[in-house]
Amino acid sequence: MKTYLALGIKFAMTLFAAAVAALISGLTDWWLILLVGLVGAIVNFIIGDMVILPGFGNIVATIGDGITSALLAYVIIIRQWAGVSVLLFAISFGILVMIGEYFFHRYLKGKKLSTNPLE
């Protein structure tokens, strides 16, 4: 149950970061924002929280999550929405995710929430 709580918090945080990045860049397709938030949360949870965070620590996992988020956002959005604003969205989304992930990882460790899917 703790894993689902952690994943829910991560999804809400990632969706919020995508919405703020959309406001910064002018993206108006909300289904793309939802898709970026969902895919970003799942991929970052699997790679960043379950693999990188336990082995390498908060800073490495935070940087990895930010870069992964920016690349995923760029790949998802560039297919639907062309323009310079795509790069602005991807960079701002990556930075916002890094900021959020830094505090999320600290929250995970402080609350002893698990990233083990079997719990």
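The values are calculated or read from the model by the stated rules, or taken from the named source; none is laboratory data. What you see is a predicted model, and the numbers here were worked out from it, not measured in a lab. Here the Cβ positions follow ideal geometry from the backbone for every residue, glycine too, while neighbour counts run over all protein chains shown.
Restricting the range 27-45 to residues that are within 11 Å of the chain's Cα centre (by Cα) and hydrophobic (A, V, I, L, M, F, W, C) leaves a set whose member that is modelled with the lowest pLDDT is Phe45. Phe103 meets all of the listed conditions (1) assigned to a helix (DSSP H, G or I); (2) touching a residue at least 12 places away in the same chain (Cβ under 8 Å) but one, namely (2).
Within the range 64-103, the residues that satisfy the criterion of being under 13 Å from the mean Cα position of the chain (by Cα) and either at pLDDT below 90 or β-branched (Val, Ile, Thr) (or both) are Ile67, Thr68, Ile91, Ile95, Val97, Ile99. Within the range 2-18, being within 12 Å of Leu34 (Cβ to Cβ) and surrounded by 18 or more Cβ atoms within 10 Å (Cβ to Cβ) holds for Thr14, Ala18.
It is to be established whether one or more residues within the range 49-68 are in contact with a Lys or Arg (Cβ under 8 Å, 6 or more places away or on another chain) and closer than 14 Å to Ala6 by Cα.
Yes; the residues of the range 49-68 include at least one that is in contact with a Lys or Arg (Cβ under 8 Å, 6 or more places away or on another chain) and closer than 14 Å to Ala6 by Cα.
Condition first: surrounded by 19 or more Cβ atoms within 10 Å (Cβ to Cβ), among the aromatic types (Phe, Trp, Tyr) and touching a residue at least 40 places away in the same chain (Cβ under 8 Å). Can you find one or more residues in the range 65-84 that meet it? No, that holds for no residue.
Total residues in the range 1-55 satisfying the condition of being outside any helix (DSSP H, G or I) and not small (Gly, Ala, Ser): the figure is 4.
Being touching a His at 6+ places or on another chain (Cβ under 9 Å) and crowded, with 16+ Cβ neighbours inside 10 Å is a condition met by at least one residue of the range 37-52.
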